[in-house]
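Just below is one structure, and these are the notes that go with it.
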Amino acid sequence: QLNDKQTVIYTLYCNWRIADPVKFNRAAETIKRGDEAIRTALQTARGDVLGKMTMGDLVNTDPTAMKLNVIEQNICTQAAKPLLADWGIELGLVGTSGMVLSENVTKGVIAAQKSERQMAIMTYKTQGEDAARAIREKANAASNQIIAFADRKAELIKAEGIQATAKYYEKFQAAPKLSMYLRSLESLQKELSGNTTILLDPNDIPAMKFFQGIDPFTAVLEPVRLDATTQPVNSGKASANKTSDGK
C-alpha cells in the first residue's frame with residue numbers, strides 16, 4: 001500500500017551472487033533457501049520503500065515525475081545489507097518486472113490523466129491564442145505603417161502632378177472650347193472602359209442599313225418611274241414632250 005492509501009501489486013526481479021560461500025553454506029545450505037531469503041528481504045524492503053511513495057511517483061503523464069529508478073535503488077540498498085551480513089549473498093541489480101493496479105485505481109488514474117491532459121490542452125490553446133494575437137497585432141501595425149507611407153507618397157505624387165499640369169491649364173484657358181472637347185473625350189473614354197452597349201439609329205446613319213439587309217441607296221433616293229419613252233419622270237408630276245412645231 002502506498003502513502004496515499006492506493007493499492008498496487010508491484011513485482012521485482014534481481015540478480016545476485018554468493019559473495020561468502022562459507023557463510024552462505026552455514027545459513028542457507030541450499031540454493032532454494034537462498035532464493036527464499038532473497039525474496040523475503042526484497043518484500044520487506046519493497047513494503048518500506050513503497051509506503052513512502054504515492055501513485056504519482058509510479059504512474060504519471062510527466063515522465064520526469066516518475067520515481068521508478070529511485071524506488072528500485074532504495075529497495076536494492078535496503079535489502080542488500082541483511083543479505084550480505086546474514087547470508088553471504090550480494091545483490092547486483094533490482095528492477096521492476098510488473099505493476100498491476102486495481103480496477104478502481106485504474107479508472108482513477110485514467111481519469112486523472114485525462115484531467116491533466118485537458119489542462120495541458122487548455123494551456124497550449126491559451127499560449128497559441130496569445131501568440132496568434134501578438135502576430136496579428138504586429139501585422140496590423142506593419143500594415144498601418146505601410147498604408148500611411150503609401151498615402152503620404154500618393155499625396156506627394158498628386159501634388160507633383162498638379163504642379164506639372166498647371167502650365168497646361170494656362171494654355172487651355174486660351175482655348176476653352178478645345179479644353180472642354182479634350183475633357184469630354186477623356187470622360188467618354190472612362191465611361192466606355194467597362195461593359196458598354198451602344199445603340200445606333202439607322203435613320204441617322206444610313207450605312208447601318210446594310211446590317212438589316214436594306215440597300216441604303218434605294219432607301220435614301222426618291223422613288224423613280226419610267227414612261228413609255230423610257231425617259232425618267234418624277235413621281236407625281238406631269239411631263240410633256242416637245243413637238244417638232246414647238247407646241
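The values are calculated or read from the model by the stated rules, or taken from the named source; none is laboratory data. These figures come from a predicted structure and were not determined experimentally. Positions of Cβ are backbone-derived with ideal geometry, glycine not excepted, and every protein chain shown enters the neighbour counts.
Criterion first (assigned to a helix (DSSP H, G or I) and surrounded by 10 or more Cβ atoms within 10 Å (Cβ to Cβ)) does residue 164 satisfy it? Let's see the steps before the verdict.
Values: assigned to a helix (DSSP H, G or I): yes; surrounded by 10 or more Cβ atoms within 10 Å (Cβ to Cβ): no.
Judged against the criteria, residue 164 is not a match.
Hey, does region 80-97 have a residue that's touching a helix residue (DSSP H, G or I) at 6+ places or on another chain (Cβ under 7 Å), at positive phi and either surrounded by fewer than 18 Cβ atoms within 10 Å (Cβ to Cβ) or not basic (Lys, Arg) (or both)?
Within region 80-97, one or more residues are touching a helix residue (DSSP H, G or I) at 6+ places or on another chain (Cβ under 7 Å), at positive phi and either surrounded by fewer than 18 Cβ atoms within 10 Å (Cβ to Cβ) or not basic (Lys, Arg) (or both).
Tell me yes or no: at least one residue of region 37-46 is within 15 Å of residue 8 (Cα to Cα) and without any contact (Cβ under 8 Å) to a residue 12 or more places away in the chain.
yes
Inside region 8-38, can you point out the residues that are within 18 Å of residue 97 (Cβ to Cβ) and surrounded by 13 or more Cβ atoms within 10 Å (Cβ to Cβ)?
Residues satisfying the conditions are 8, 10, 12, 14, 16, 35, 38.
Residues in region 1-20 that are at pLDDT below 90, in contact with a Gly (Cβ under 9 Å, 6 or more places away or on another chain) and outside any strand (DSSP E or B): how many?
5
Condition (residue is touching a residue at least 60 places away in the same chain (Cβ under 8 Å), in a strand (DSSP E or B), touching a Leu at 6+ places or on another chain (Cβ under 7 Å) and not basic (Lys, Arg)) applied to region 67-82: is it met by at least one residue?
no
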